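Structure, as C-alpha cells:
The values are calculated or read from the model by the stated rules, or taken from the named source; none is laboratory data. For clarity, every value in this text was computed on a predicted model and none was experimentally measured. Note: ideal-geometry Cβ built from the backbone for every residue, glycine included; neighbour counts use all protein chains shown. Heavy atoms of the whole protein, side chains included, go into the accessibility calculation; ligands, DNA and RNA do not. Shrake-Rupley method; radii C 1.70, N 1.55, O 1.52, S 1.80 Å.
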Amino acid sequence: MPELNWVNRNQAEQTAESVPYHLLKFEQAYGDETMTRDNLIIQGDNLQALKALLPLYGGQVKCIFIDPPYNTQSAFEHYDDKLEHSQWLSMMYPRLQMLKDLLSEDGSIWITLDDNESHYLKVMCDEIFGRANFVANVVWQKRTSPDNRLRLGNAHDHILVYWKQTLIHQKFNQLEISEKRKKDFKNPDNDPKGAWASTDFTGMTGHATPSQFYTIVSPTGKEFPPPEGRCWAISEENFKKLIEKNQVWFGKDGNSRPRLKRYLSDLNGQNAWTWWSNSEVAHNQEAKKEINNLFGADNPFDTPKPEKLIQRILALATNENDIVLDSFLGSGTTCAVAHKMNRRYIGIEMGEHAKTHVIPRLTQVINGEQGGISKIVDWQGGGGFSFYTLGSPVFDEHGFLNPDVKFADLASYVWWLDTKT
C-alpha cells in the first residue's frame, strides 16, 4: 500500500509512545452530582490528555468526532493553524494513533476537513486504521451560496469515516424517515396497508438462477420478459405470492412494467448516504447564529459546526449511554449535542475558552437552553459533567516516580501498558 512521507515522519511515529503520562486533576463538578462522573471536560494539550485517558477509557469510546485545524490560517488564536504541511501531518499522526486505541472494537471515527488537507489525511488514516476499515467520505454542503471570492466557489467540507475494525454485521443506525421522503409514498389504489412507493425489482444476472428468468403478464395481457441484460430479482414462485397479496404495481392503466410496492408502515427508518445537504444538517451561517446566540457576536469561533450536523453523526454511530469523544472541542458543540442526546462524552480543549465558553455552554444545556437541536430532541435540561485539567506527570524528568501519584493511578497506567485494556 502506498505510504505518505514527510519531513520528520519517523519522529511523528514515535511521538505517541514518548508523550509523558499525566494524571487528570479534578477541578469542579457541574449539575446533577449523580451524573457528573459520566461526562468529562478536560483542559490541556490534547496529546497529553489522550495519553492520560488511555488507562481509563482505552477501547471504550463508541464514536470519535474531531474537527481539527484545517491548516488554512482560518482557526482561532488558540490553534496553530498556520503550520507547514509537514508539521500539520506530524501533529495529526500521533493523535490519530491514540484515538484509535481509545475506540471500541465496533467504534467509528469521523473527521471533518476541507480540500486543503483531507486527501493527505485519507492516506494517513488508511495506514493507521487500515484501508479496509475506510467507510466513506461524506460531503457536507456547508454553504447556502457560492463563495464569490473564488472562481470556483467552495461549497463543501469532507467528513472522513473509519471503523476501528470491520466486524461481521457491523452497520450504522438508520435515520428517522424525513418528511420529504414520506411524501414519496402514495396510495393510488386504496391499498388497505396504506401508503406505498413502487420500486424496481430487476437484478444483475451474475448470480441469477434459472427461476429468475420468466415472462410476466400484466392485467391487460401485456407480456414483460426481463429487461435486456437483467433478470427478475425474485423467483417466479415468489412473484406469484406477491401478486396474490396485491404487492405488485402495473401502473394506473395496468399496462406498465411491474414494480414492487414498498409500504411506509414497514419502514423503521432510512439509510443515510454520503451527500449531506445544508437543508438536512444545516450550514455555517446557522452554526454561527447558534454560537452568537450563546456567546454574543464577539466570540472567537468563525467556523463552528452546526448542532444538526453533529446530531446526524451521533444518530448514525451511537446509541444512548455510548461514549462520544472530541479532542478538538472548540466551542463545545459535540459535547452539547451528546448531552442533549443522552450520550456520555469526553471533550478536550487546550485554550482558556474551555473555561470561558465550553463550561458556560454546557451549564446552559443543563439548565435547558433551547437553541440548536433542543426542540428536535425535546431537550428539557438536566444531567451534569466534571471539569478536569492535566495534573502531574507520573514520572519526573529523571524517570523517578512522582510522589503525587497514588497507587490506583499507577496501577491503571501499568495495566494499560501491559494489556492495552
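Any idea what Rg and Dmax come out to for segment 22-169 if you just take the C-alpha atoms, in Å?
Rg then Dmax for segment 22-169, in Å: 17.3, 55.
Quick one: Karplus J couplings for segment 97-109, per residue in order, coefficients 6.51, -1.76, 1.60, θ = phi - 60°, nearest Hz, x for Gly and Pro?
Whole-Hz 3J(HN,Hα) from phi for segment 97-109: 4, 6, 4, 4, 5, 7, 5, 6, 4, 9, x, 9, 10.
Can you compute the helix-only [θ] at 222 nm over the chain? Use -39500 (n - 2.57) per DSSP H run of at least 4 residues, normalise by all residues, nearest 500 deg cm²/dmol.
Values: 12 runs with 121 residues, N = 421.
So the calculated ellipticity at 222 nm is -8500 deg cm²/dmol.
Would you mind checking which residues have amide H under 5 Å from Gly203's amide H? H placed 1.01 Å from N; only 5 or more apart, or other chain.
Residues meeting the amide H criterion: Cys231, Trp232, Ala233.
7 Å from Cα along Cα→Cβ at both Asn319 and Asp189: what's the point-to-point distance in nm?
That separation, rounded to one decimal, is 3.7 nm.
Quick one: with all protein chains in place, what share of the accessible area of the chain is carbon or sulfur, to the nearest percent (1.4 Å probe)? Could the numbers behind the result be given before it?
Values: 10540 of 21650 Å².
Ligands and nucleic acids excluded, carbon and sulfur reach 49 percent.
R0 = 35 Å: FRET efficiency of Phe224 with Asn271, Cβ-based, nearest 0.05? List each step's numbers first, then the result.
On the way: r = 29 Å, r/R0 = 0.82.
Calculated value: 0.75.
Note down the relative contact order for the chain as a percent, whole number, built from C-alpha pairs under 8 angstrom at least six residues apart. Let's see the in-between values first.
Working: 759 pairs, mean separation 110.2, N = 421.
Relative contact order for the chain comes out at 26 percent.
Can you pull the one-decimal nm distance between simple spin-label points at Leu401 and Thr199, each 7 Å off the Cα toward Cβ?
The modelled label-to-label distance comes out at 6.1 nm.
Hey, with R₀ at 45 Å, roughly what FRET efficiency would Arg151 and Ala297 work out to, going by the Cβ-Cβ distance, to 0.05? Could the numbers behind the result be given before it?
On the way: r = 30 Å, r/R0 = 0.68.
Efficiency, rounded to the nearest 0.05: 0.90.
Can you tell me the dipole magnitude for segment 166-295 around its Cα centre, using point charges on the Cβ only (Lys, Arg +1; Asp, Glu -1), in Debye to the nearest 20? Intermediate values should be presented prior to the final figure.
Details: 19 positive and 16 negative charges, 27 e Å.
Dipole about the Cα centre, nearest 20: 120 debye.
With unit charges on the beta carbons (Lys and Arg positive, Asp and Glu negative) and the dipole taken about the Cα centre of the chain, which residue among Trp415, His156, Ser86 sits farthest to the positive side?
Going by the Cα projections, it comes out as His156.
Among Gln311, Leu325, Ser392, which residue has its Cα furthest toward the positive end of the charge dipole of the chain, with +1 on Lys/Arg Cβ and -1 on Asp/Glu Cβ?
Looking along the dipole axis, the top candidate is Gln311.
For the chain, what is the convex hull (Cα atoms) projected area averaged across all directions, in square nanometres?
Working: hull surface 107.7 nm².
Average projection, Cα convex hull of the chain: 26.9 nm².
Could you derive backbone 3J(HN,Hα) for segment 276-284 from the dihedral phi with the Karplus parameters 6.51, -1.76 and 1.60 (θ = phi - 60°), listing whole Hz in sequence and x where the residue is Gly or Pro?
Along segment 276-284, the couplings run 10, 6, 5, 6, 8, 10, 6, 8, 4 Hz.
Given the Cα atoms of segment 330-421, and with Rh set as the inverse mean 1/r over their pairs in the Kirkwood sense, what is Rg to Rh to two decimals? Let's see the in-between values first.
Values: Rg = 17.8 Å, Rh = 15.8 Å.
Checking Rg against Rh, the ratio lands at 1.13.
If you roll a 1.4 Å probe over the heavy atoms of the protein chains, what accessible area per residue do you get for segment 295-408, in Å²? Display every interim value, and only then the final one.
Values: 4500 Å² over 114 residues.
Result: 39 Å² per residue.
What is the gain in length, in nm to one decimal, between Asn238 and Ser392 on full extension, counting 0.36 nm per residue of separation less the C-alpha to C-alpha distance? Each step should come with its number before you reach the end.
On the way: separation 154, 0.36 × 154 = 55.44 nm, distance 6.86 nm.
So the chain would gain 48.6 nm between Asn238 and Ser392.
Accessible area of Leu54, 1.4 Å probe, to the nearest 10 Å²?
Using a 1.4 Å probe on the heavy atoms, I get roughly 10 Å².
How high is the relative contact order of segment 292-421, in percent, counting Cα pairs under 8 Å that sit 6 or more residues apart?
On the way: 129 pairs, mean separation 22.7, N = 130.
Once divided by the residue count of segment 292-421, the mean separation gives 17 percent.
Counting pairs of Cα atoms in segment 1-55, how many percent are more than 12 Å apart? Walk me through the intermediate numbers first.
Details: 1099 of 1485 pairs.
Counting every Cα pair in segment 1-55, those more than 12 Å apart make up 74 percent.
Relative to the present Cα-Cα distance, how much length would full extension add between His207 and Glu280 at 0.36 nm per residue of separation? Display every interim value, and only then the final one.
On the way: separation 73, 0.36 × 73 = 26.28 nm, distance 3.72 nm.
Extra length available between His207 and Glu280 comes to 22.6 nm.
Hey, rough spin-label estimate for Thr421 and Gln14, points 7 angstrom out along Cα→Cβ, what's it come to in nanometres?
Placing both labels 7 Å along Cα→Cβ, they lie 3.1 nm apart.
Along the charge dipole of the chain, Cβ charges K/R +1 and D/E -1, which of Ser145, Ser178, Gly31 sits furthest on the positive end?
The listed residue farthest towards the positive side: Ser178.
Would you mind classifying segment 107-203 by shape? Square roots of the alpha carbon gyration tensor eigenvalues, ordered a ≥ b ≥ c; an a/c under 1.5 is rounded, otherwise it is prolate if a/b is larger than b/c and oblate if not. Provide the component values of the computation, followed by the final result.
Values: a/c = 3.21, a/b = 1.47, b/c = 2.19.
Cα axes put segment 107-203 in the oblate bin.
Enumerate the amide H contacts of Val135 below 5 Å, restricted to partners 5 or more residues apart or on another chain; note that Pro and chain-start residues carry no placed amide H.
Val161, Tyr162, Trp163
Please list 367-375, 45-53, 263-271 highest first by mean number of surrounding beta-carbon atoms within 10 Å per residue.
Details: 367-375: 16.2, 45-53: 22.0, 263-271: 11.8.
Final packing ranking: 45-53, 367-375, 263-271.
I'd like the Karplus ³J(HN,Hα) series for segment 172-178: coefficients 6.51, -1.76, 1.60, θ = phi - 60°, whole numbers in Hz, and an x wherever there's a Gly or Pro.
For segment 172-178, the Karplus curve yields 7, 5, 7, 8, 5, 5, 6 Hz.
With a 1.4 Å probe and every protein chain left in place, tell me how much accessible area Glu13 has, in Å² to the nearest 10.
60
I need the calculated FRET efficiency for the pair Val414 and Phe26, taking r as the beta carbon distance and R₀ as 25 Å, to the nearest 0.05.
Working: r = 22 Å, r/R0 = 0.86.
Efficiency, rounded to the nearest 0.05: 0.70.
Note down the net charge around Gly58, summing +1 for each Lys or Arg and -1 for each Asp or Glu among other residues with Cβ under 11 Å from its Cβ.
Details: positive: Lys51, Lys100, Lys420; negative: Asp101.
Spelling it out: positives minus negatives among the neighbours equals +2.
State to the nearest 20 debye the size of the charge dipole of the chain about its Cα centre, where the only charges are +1 on K and R beta carbons and -1 on D and E beta carbons.
Numbers: 45 positive and 54 negative charges, 369 e Å.
In total the dipole reaches around 1780 debye.
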